[in-house]
Amino acid sequence: MSIKLSKRLSKIVEMCEPCDTIIDVGTDHGKVPITIANLGLAKNVIAIDNKKGPLAACEENANLYMTNRDCSFKTLLCNGLEKVDKTVESGIIITGIGYDAMSEIIKDINDYNFKYLILSPHTKINEFVNLLKELNIDIVDHVEILDCKKNYHLIKAKHI
């Protein structure tokens, strides 16, 4: 039995590169990090949400759908990246939230040892692109996906 991914979620996974640790902030149901773990894209996967309900759903889905037992899968209840080790090289996914919340999370992103970022703000796309430039973060891919009659912007970014 495998998890079904929407077009948007499939593209998020496709944009990920192998990395020792991949972190999904705002994980909700956990479909993206579970798929990443099952594909073996990371030795360690961390699913983060700031609400207990979605994190419980993520843990339930992990119990049902995780097939790669060689991958360490951990959930964290916190806001943004506040409980993440800043020194570990990571791929960081932050999707499905608005500009204000996402910009608050990434304002100190350069304090983290990230290999790449996968970002999808739901609002103020142009302002978000400008924020990345201000933070000296280079956009290496920016795609627009139509999924369930809604347009989503997916951005892959790295250090300049």
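The values are calculated or read from the model by the stated rules, or taken from the named source; none is laboratory data. Since the structure is predicted, the reported quantities are computational estimates derived from the model, not experimental observations. Surface accessibility is based on the protein's heavy atoms, side chains included, excluding ligands, DNA and RNA. Shrake-Rupley method; radii C 1.70, N 1.55, O 1.52, S 1.80 Å.
Would you mind getting the accessible area per residue of segment 101-152, heavy atoms of the protein chains only, 1.4 Å probe, in Å²?
Accessible area per residue: 55 Å².
Give the carbon-plus-sulfur fraction of the accessible surface of segment 6-160 in %, rounded to a whole number; probe 1.4 Å, heavy atoms of protein chains only.
Its accessible area is 46 percent carbon and sulfur atoms.
How much accessible area per residue does segment 1-68 have, counting only protein heavy atoms and a probe of 1.4 Å, in square angstrom?
So segment 1-68 comes to 46 Å² accessible per residue, rounded to a whole number.
Can you give the Rg and Dmax of the chain based on its C-alpha atoms, in angstrom?
Rg, Dmax (Cα atoms, Å): 14.5, 44.
Scan around H142 for amide H atoms under 5 Å from its own, H built in the peptide plane at 1.01 Å from N, and keep only partners 5 or more places away or cross-chain.
When sequence neighbours closer than 5 places are left aside, the close amide H contacts are K156.
Quick one: Karplus J couplings for segment 55-68, per residue in order, coefficients 6.51, -1.76, 1.60, θ = phi - 60°, nearest Hz, x for Gly and Pro?
Whole-Hz 3J(HN,Hα) from phi for segment 55-68: 5, 5, 5, 4, 5, 5, 5, 4, 5, 7, 10, 5, 10, 8.
For segment 72-135, state the semi-axes of the equivalent ellipsoid (square roots of 5 times the eigenvalues of the alpha-carbon gyration tensor), sorted largest first and rounded to whole angstrom.
Here the semi-axes work out to 20, 14, 10 Å.
Please determine, in degrees from 0 to 90 and to the nearest 10, the orientation of helix 125-134 with respect to the longest principal axis defined by the Cα atoms of the chain, where the helix direction is its Cα long axis.
The helix 125-134 is inclined about 80 degrees to the chain.
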